[in-house]
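All remarks here apply to the structure that follows.
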Amino acid sequence: MKPGLLALAVGGFGIGLTEFVIAGLLPEVATDFAVDEATAGWLISGYALAVALGAIPLTAGVTRLPRKQVLLGLMGLFVVGNLLSAIAPTYEAMLVGRVVAALCHGAFFGIGSVVAADMVAPDKKAGAIALMFGGLTLANVLGVPAGTLVGQQWGWRAAFWAITVIGVLALVAIAALVPAQRGDSGADLRREVRAFTEPQVWVSLLLTVLGYGGMFGAFTYIAFTLTGVTGFAPSAVPWLLVLFGVGLVAGNVLGGRAANRSVRGTLLVALSALVVVMTTFALTASSKPMTVLALVLMGGFGFATVPALQMRVMTHAGGAPTLASGANIAAFNVGNALGAWLGGVTIAAGLGYVSPIWAGAGLTGLALVLLVAADPRGPRAGEPTADGVRPEVLVP
């Protein structure tokens, strides 16, 4: 195993923590800054919007620059953003810190994927990319629950101090272990942009926004649901998030395997199951056993869509998948923001802490309707497109 891949995985782990740990700490942050739940939710949706807005232009702007230096600069931005969040005296200052940290997200994974693939033999490229994104998955399984526990024991700021330290470690590791690589001097932005003239690319992006956004919207306010509706103690939330993370890992692995056989079939099954799981969760949220089961299944079916959603957009982009892939990472985060915002609206309207789950089921249901209406029966995942390109699976 190349040491540089581990350095990239540490960076992915830190970014995953930054994105998701706030969900488990939202009640403490809202209390500390004296803001309501919907306002606190903007710390999640604001981050996601910053990722969405920054992913494409930032990635396009640094494509020609030396890749290692780009990764170091992005990780430096990550450290600054989380430091601002850790010391933020006001809610507004913390929101600024979240936005600064978010700007590195899309470009880091986009450029990092290229760097990881170039570090290994051609037949090991997909595995190298998967290892880098493994840091992101690990953040959900272990990092987020641990960060939530740290925040509950020593204050939410302690969690962001810990993430800042992880960012510094990743920065040092990348500097020491990742080999220098030139930028892509032959990058043709116009060819990449032409991929967006394909209508199914836009359908794919909308599927990502609605399908993934529904799951994430339900997850955003999960700490309020678990404590305020199901009746779990706040100290139980980190351990419950571990179960959600286990579902994420299983869903990502099984969804990737299924997408190799059929992208459309995988999405039909996963989106349908996700609607059923979230609807059942909303109806039985007062039951602890049903809530535990729903957390695992929601994470599992939610992340089972990820490889297929990414594969779909890259397949329909044909021979110019790079910018389309970055756009889909942005679409994941637009979905995050939409889901979090809609969940906050339902809570602010007095509909209770179960209402974000209903809203999430509605968004995912719209994605299912769109998929059936579009009825794409293109090449199976992993088969070459008409341009001879065999897209690789990435995750947000």
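The values are calculated or read from the model by the stated rules, or taken from the named source; none is laboratory data. For clarity, every value in this text was computed on a predicted model and none was experimentally measured. When we count neighbours, we look across all protein chains shown, and the Cβ atoms used for this are built from the backbone with ideal geometry, even at glycine. Side chains included, ligands, DNA and RNA excluded: accessible areas come from the protein's heavy atoms. Shrake-Rupley method; radii C 1.70, N 1.55, O 1.52, S 1.80 Å.
The mean sequence distance of close C-alpha pairs (under 8 Å, at least 6 residues apart), as a share of the length of the chain, puts its relative contact order at 25 percent. Rolling a 1.4 angstrom probe over the protein heavy atoms with all chains in place gives the chain an accessible area of 37 Å² per residue. Per-residue ellipticity at 222 nm computed for the chain from its helices equals -26500 deg cm²/dmol, with DSSP H segments shorter than 4 residues left out and the rest contributing -39,500 (n - 2.57). When each of the peptides 76-84, 337-345 is scored by how many other beta carbons lie within 10 Å of its residues on average, the order from highest to lowest is 337-345, 76-84.
Considering only Asn336, Gly255, Met75, the residue lying farthest towards the positive end of the dipole of the chain is Gly255, judged by Cα position with unit charges set on Cβ.
The peptide list 363-372, 19-28, put in order of mean Cβ contacts within 10 Å with the highest first, becomes 19-28, 363-372. When the charge dipole of the chain is built from unit charges on Cβ atoms (+1 for Lys and Arg, -1 for Asp and Glu) and taken about the Cα centre, the candidate among Leu271, Phe224, Trp161 whose Cα reaches farthest toward its positive end is Leu271. Karplus-based coupling profile of the range 4-13, in residue order and whole Hz: x, 5, 5, 4, 5, 5, 5, x, x, 4, with θ = phi - 60° in 6.51 cos²θ - 1.76 cosθ + 1.60 and x standing for Gly or Pro. Here the simple spin-label model places points 7 Å from the Cα toward Cβ, and for Leu293 and Asp118 these points are separated by 5.0 nm.
Is the range 149-247 rounded, prolate or oblate when judged by the Cα gyration tensor, a ≥ b ≥ c being the square roots of its eigenvalues, rounded requiring a/c under 1.5 and prolate requiring a/b larger than b/c?
oblate
When the range 1-93 is described by a simple charge dipole with +1 on each Lys and Arg Cβ and -1 on each Asp and Glu Cβ, the residue from Ala38, Ala86, Gly16 located farthest towards its positive end is Gly16. Oblate is the label for the chain, because a/c, from the alpha-carbon gyration tensor with a ≥ b ≥ c as root eigenvalues, is 1.5 or above and a/b does not exceed b/c. Protection proxy ranking, highest mean first, for peptides 305-312, 7-14, 194-201, 153-160: 305-312, 7-14, 153-160, 194-201, where packing is the per-residue count of other beta-carbon atoms within 10 Å, averaged. Taking only protein heavy atoms and a 1.4 Å probe, the accessible area of the chain is 69% carbon and sulfur. Diffusion coefficient (Stokes-Einstein, Kirkwood radius over C-alpha pairs, 10 °C, 1.306 mPa s) for the range 4-54: 130 µm²/s, rounded to a whole number.
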